[in-house]
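What follows is a set of notes on a single structure, which appears directly below.
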Amino acid sequence: MAQSLFKLLHARGATIDLVANPQVLGLAHRMPEVQTTWPLAIPHGRFGLRTRRVLARTLRDRGYHWSIVLPNSWKSALLPFFAGIPRRTGYTGEWRAGLLNDRRRLDEQRVPRMVDRYAALGLEPNDPVEAPCPSLLPSAEGAGRAIARLGLPWPGAPVLGLCPGAEYGPAKRWPAASFAALATAAHARGWQVWLFGARGDTQAAHAVRALAPDCVDLTGKTTLEEVVDLISLTSAIVTNDSGLMHVAAAVRRPLVALFGSSNPEHTPPLAENARVLTLSLSCSPCFERVCPLGHTRCLVDLAPDRVLASLAAVAGEFTRS
């Protein structure tokens, strides 16, 4: 979602360098707007003062004139402050008054979507916000290398990509049995099915494969660059509301996104060929990691047949196979 901000800045001639956790920096390698990446490897929950100061000295020598801080934590505002970057922009957050000198008040009515909130930081406070859709550029050579490394045959049939995980928690995950029903329907049509996800999604993928063993499990076996490249080979994607949902949308694959505890108006997939499914129960969106009522009906009651119908609508090839 931050790429929309990069696109706005790049269109105005800015040279963009990106500091981020190395686990996600791979995405920037598929963003033509980003020139240089700087990894900031600090484990979650750690302060990492020395690591921040070491990187800050390097950034100071580069002579940056503007930094935009996307996270709202005070720790994330330390780096540009230590680096002496003259203009330091970000939303007013926890204890950041002395760290940011271009603080913005978040107007949730003006910028309801997360992508708009990021993009607005690259504009003047009263400018209208029109966030361009993200668009990652996959590499055909990268896809070939990934297939060779993973020992996969080059797809000889359409591929349905499934993303059964969601790091946030189980209240965002469609049941494994439902994903398996979708996989079974795809296999009956002659499609291959690939399961995408990080190492933390392996358990969810195993639960799907236990019911649909012909699926190819790629969870935890790919870099983010490889995920972008391999998703580009799919004919359609079905995914929970997760990071991979945004990746698939940015690769412009036909997409069905399943929302339970989260709000599709806040973080929708940003692509014209994406369809959102949500039951809009009275208890959702609750934004909880685990269903507070203990039933997760917002996803359990979302029938595979309904998802199949949406899949056919966004990927007509699915009905012809």
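Since every read-out is calculated from the coordinates, none of them should be taken as a lab result. What you see is a predicted model; the values in this text were computed from it and never measured. All Cβ positions, even for glycine, are placed from backbone atoms using ideal geometry, and neighbour counts span all protein chains on display.
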Legend entry - Inter-label distance for L137 and W66, nm, one decimal - labels placed 7 Å from Cα along Cα-to-Cβ: 2.2 nm
Legend entry - Residue exposure sequence - D102, D301, D61, D229 - by fewest surrounding Cβ within 10 Å: D61, D301, D102, D229
Inset, instruction - Would you work out the charge dipole size for the chain about its Cα centre, treating the Cβ of every Lys and Arg as +1 and the Cβ of every Asp and Glu as -1, and quote it to the nearest 20 debye? - result: 940 debye
Inset, instruction - Please work out whether the range 83-140 counts as rounded, prolate or oblate from its C-alpha gyration tensor, where a ≥ b ≥ c are the square roots of the eigenvalues and a/c under 1.5 means rounded, while otherwise a/b larger than b/c means prolate and anything else oblate? - result: oblate
Inset, instruction - Taking 7 Å along the Cα-to-C-beta vector as the label spot, tell me the S73-A303 distance in nanometres, rounded to one decimal. - result: 4.4 nm
Inset, instruction - For helix 304-314, report the angle its Cα long axis makes with the longest principal axis of the Cα atoms of the chain; keep it between 0 and 90° and round to the nearest 10°. - result: 70 degrees
Inset, instruction - Can you figure out the FRET efficiency of T15 with A210, using R₀ = 35 Å and their beta-carbon distance, to the nearest 0.05? - result: 0.10
Legend entry - Under 5 Å, built H, 5+ apart or other chain: amide partners of I237: G161, L255, V256
Legend entry - Residues F82, F259, F47 arranged by fewest to most Cβ contacts within 10 Å: F47, F82, F259
Legend entry - Estimated distance in nm for a label pair at R149 and E265, the labels positioned 7 Å out from Cα along Cα-to-Cβ: 4.2 nm
Inset, instruction - Give the distance, in whole Å, between the Cα centre of the range 242-296 and the Cα centre of the range 1-50. - result: 24 Å
Legend entry - Degrees, to the nearest 10: 140-150 long Cα axis against longest axis of the chain: 60 degrees
Inset, instruction - Rank the residues C215, C163, C286, C291 as a footprinting-exposure proxy: fewest other Cβ atoms within 10 Å of their Cβ go first. - result: C286, C291, C215, C163
Inset, instruction - Could you list which residues have their amide H under 5 Å from that of G93, counting only those 5 or more apart in sequence or on another chain, with H placed in the peptide plane? - result: none
Legend entry - Net charge contributed by nearby residues that have their C-beta within less than 13 Å of F6 (K/R +1, D/E -1): +1
Legend entry - Residue (of V54, V115, H295) at the positive-pole extreme of the chain, dipole from beta-carbon charges: V54
Legend entry - Amide H within-cut-off set for A20, under 5 Å, with H built and near neighbours excluded: W38, L40
Legend entry - In order through the range 119-126: 3J(HN,Hα) via Karplus (6.51 cos²θ - 1.76 cosθ + 1.60), integer Hz, x for Gly, Pro: 4, 4, 5, x, 10, 6, x, 9
Inset, instruction - Rounded to whole Hz and in sequence order, give me ³J(HN,Hα) for the range 158-163 from the Karplus expression 6.51 cos²θ - 1.76 cosθ + 1.60, θ = phi - 60°, writing x for Gly and Pro. - result: x, 10, 9, x, 10, 10
Inset, instruction - Report ³J(HN,Hα) in whole Hz for each residue of the range 257-274, in order, from the Karplus equation J = 6.51 cos²θ - 1.76 cosθ + 1.60 where θ = phi - 60°; Gly and Pro get x. - result: 10, 9, 10, x, 7, 9, 10, x, 7, 8, 9, x, x, 9, 7, 6, 9, 10
Legend entry - Positive-end residue, the range 140-320 charge dipole about Cα centroid, Cβ charges, pick of P155, G142, C283: P155
Inset, instruction - Would you mind checking the tilt of helix 49-62 against the longest principal axis of the Cα atoms of the chain, expressed as 0 to 90 degrees and rounded to 10? - result: 70 degrees
Legend entry - Net charge dipole size for the range 180-321 [Lys, Arg +1 and Asp, Glu -1 on Cβ; Debye, nearest 20]: 200 debye
